[in-house]
Amino acid sequence: MHALLVFESMFGNTLEVANAVAAGIAEATDGAMVDVAEVGTLPAVGPDVDLLVVGGPTHAFGMSRPTTRQSARDQMRNHDDVPAGVVSEGIGVREWLDQLPAAHAHLLCAAFDTRVSSPRVPGSAAHGMAKRLRHKGYAEASEPHTFWVAGTEGPVIEGEISKAREWGRSLAISTRSHRW
């Protein structure tokens, strides 16, 4: 099995979740090839990919846009305690999905987002990602999933990383049992 996990991250929270999901996939498949790629590197989904996982932060009730990414970059640069090199400087998941070709026959997909854990705050980037993937013919291995962060800059809420790892394991099991 070959999994490709494409992420967008501004403060490092989505990157942390993406790495946990990838670790879960690898654990459940006894070391399958799991590539984790920042969306700005414009990763290609080759014919050898069996599972595509896409993740990003929820900005303004959905997937990020150039203006919301710029706002996050400006906010991040005002803080010395945010790890350097984490910010997605190029395109976001929205633009990457727009240029993504149609799915090949055996490819499954899943989408996740990170969101601020605040009561009654609507919106989900993961639902928008999943919708775009479905429109391109990708079959879902799982419903869109959310992982919670304590605030705009994080950190990821306690217990969410282990949930991400478990979700990764479940994605690997779904993919392995998929009948082409």
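Within the set Val21, Val36, Val49, the sole residue that is out of contact with any Gly (no Cβ under 7 Å at 6 or more places or on another chain) and at pLDDT 95 or above turns out to be Val36.
Among residues of the range 127-180 being polar (S, T, N, Q) and in a helix (DSSP H, G or I), the one that is modelled with the highest pLDDT is Ser162. Taken over the range 128-180, the criterion of being under 14 Å from the mean Cα position of the chain (by Cα) and hydroxyl-bearing (Ser, Thr, Tyr) is satisfied by Ser142, Thr146. Residues in the range 21-37 that are surrounded by 20 or more Cβ atoms within 10 Å (Cβ to Cβ) and in a helix (DSSP H, G or I): Val21, Ala22, Gly24, Ile25, Ala28.
Taken as a whole, the condition of being under 27 Å from Ala32 (Cα atoms) and assigned to a loop (DSSP other than H, G, I, E, B) does not apply to Ala111.
The values are calculated or read from the model by the stated rules, or taken from the named source; none is laboratory data. Since this is a predicted model, take the numbers as computed values, not measurements. So basically every Cβ, Gly included, is an ideal-geometry build from the backbone, and we count neighbours across all protein chains shown.
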